[in-house]
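Trainee: Pasting in a structure now, in structure tokens, and then I'll have a few things to ask.
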Amino acid sequence: MEKNGLLIVISGFSGAGKGTLVKALLRKYDNYALSISMTTRAPREGERDGVEYFFTTKERFEETIQRGGLIEYAPYCGNYYGTPRDYVEEQMALGKNVILEIEIQGALKIKKKFPESLLIFVTPPSAGELKRRLEGRGTESAEMIAKRLARAAEESEGIEAYDYIVVNDDLDTCVEELHRLADAALRAPVRSQKLIGEIREELQGFQKGAD
Ligand code: 5GP
């Protein structure tokens, strides 16, 4: 199997429970690493700089774009969000499957830049459940909830661009499903080019020996 880990993009409607899901996956298996994004959004209560996000200003965000420090970025509900390059490259080289928890525009950019990445879309069982979860979170104003629901409607148009869809109903089941998908993806020939190359080369060597 390749030493290089897999790049896994996890998207889903705001309130789909992606964060909880990814945290549970990281707790259970040690071959994953979570990329921490940079954002210009203000921290929510309880969020810490360098843990949930690297919180920054619009100016510093733009500077980071200029020097090629992000592998993708996108605006979302009035703020910028982006994925810092260094951590992703370093962890993949260590053989970790790196998870990017990002929205759809970023996901599409990643697929274009890294065709071997795995794109997974997480959704609650229904739109009604999504609305209940957003309201239940209690961290967002009614206006922000409406914005996020409108954005979900837009994002639902893009789901077909993903490789797999996972319904987040039961957390443990969902964690296992994600892990199985990542494991299966690593066995696809397109992601095993190094192994295939080695086998071919060795077989050719045998042929030469037989000539
Ligand atoms: P929130 O404000 O709820 O933390 O995040 C809003 C949206 O931005 C979510 O859909 C989240 O997945 C997405 N997001 C977080 N980090 C990034 C990033 O680095 N790039 C992109 N494109 N989207 C991100």
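Trainee: Hey, got the dipole for the chain? About the Cα centre, +1 on K and R Cβ, -1 on D and E Cβ, debye to the nearest 20?
Mentor: 200 debye
Trainee: Got a number for the accessible area of T173? Probe 1.4 Å, square angstrom, nearest 10.
Mentor: Rounded to the nearest 10, the figure is 80 Å².
Trainee: Determine how large the accessible area of S156 is when every protein chain is in place; take a 1.4 Å probe and give Å² rounded to the nearest 10.
Mentor: 50 Å²
Trainee: Any idea how many Lys pairs in the stretch 80-211 come in under 30 angstrom at the alpha carbon, given 8 or more places apart or on separate chains?
Mentor: 17
Trainee: Heavy atoms only, probe 1.4 angstrom, no DNA, RNA or ligands counted: give me F206, F13, F114 ranked by accessible area, highest first.
Mentor: Largest accessible area first, the list is F206, F114, F13.
Trainee: Further question on the same structure: For the chain, set up a GNM with springs between Cα atoms under 10 Å and report which of G197, G95, G69 has the largest fluctuation.
Mentor: Most flexible of the set in this elastic network: G197.
Trainee: Using a/c under 1.5 as the rounded threshold, could you call the stretch 1-147 rounded, prolate or oblate? The axes a ≥ b ≥ c are square roots of the C-alpha gyration tensor eigenvalues, and prolate needs a/b larger than b/c, oblate otherwise.
Mentor: The shape class here is oblate.
Trainee: Calculate, for S126 and N79, the FRET efficiency according to 1/(1 + (r/R0)^6) with r their C-beta to C-beta distance and R0 35 Å; round to the nearest 0.05.
Mentor: Step by step, r from the Cβ atoms, then E = 0.80.
Trainee: Over the alpha-carbon set of the stretch 101-174, divide Rg by the Kirkwood Rh and report the Rg/Rh ratio to two decimals.
Mentor: 1.00
Trainee: Taking 0.36 nm per residue of sequence separation and subtracting the Cα-Cα distance, how much length would be gained by fully extending the chain between L171 and F114, in nm to one decimal?
Mentor: 17.7 nm
Trainee: Okay, moving on. Rounded to the nearest 500, what is the 222 nm mean residue ellipticity of the chain from helices alone, with -39500 (n - 2.57) per DSSP H run of 4+ residues and division by all residues?
Mentor: Roughly -14500 deg cm²/dmol at 222 nm, from the helical runs in the chain.
Trainee: Something else now. Taking only protein heavy atoms into account and a 1.4 Å probe, give the accessible area per residue of the chain in Å².
Mentor: 56 Å²
Trainee: At a Förster radius of 30 Å, what calculated FRET efficiency corresponds to the Cβ-Cβ distance of E62 and L26, to the nearest 0.05?
Mentor: That gives a FRET efficiency of 0.50.
Trainee: Set Lys and Arg Cβ to +1 and Asp and Glu Cβ to -1, take the dipole of the stretch 7-120 about its Cα centre, and tell me which of G46, A74, A107 lies farthest positive.
Mentor: A107
The values are calculated or read from the model by the stated rules, or taken from the named source; none is laboratory data. Quick caveat: nothing in here was measured; it's all calculated off a predicted structure. So basically every Cβ, Gly included, is an ideal-geometry build from the backbone, and we count neighbours across all protein chains shown. Surface areas here come from the heavy atoms of the whole protein model, side chains and all, with no ligands, DNA or RNA. Shrake-Rupley method; radii C 1.70, N 1.55, O 1.52, S 1.80 Å.
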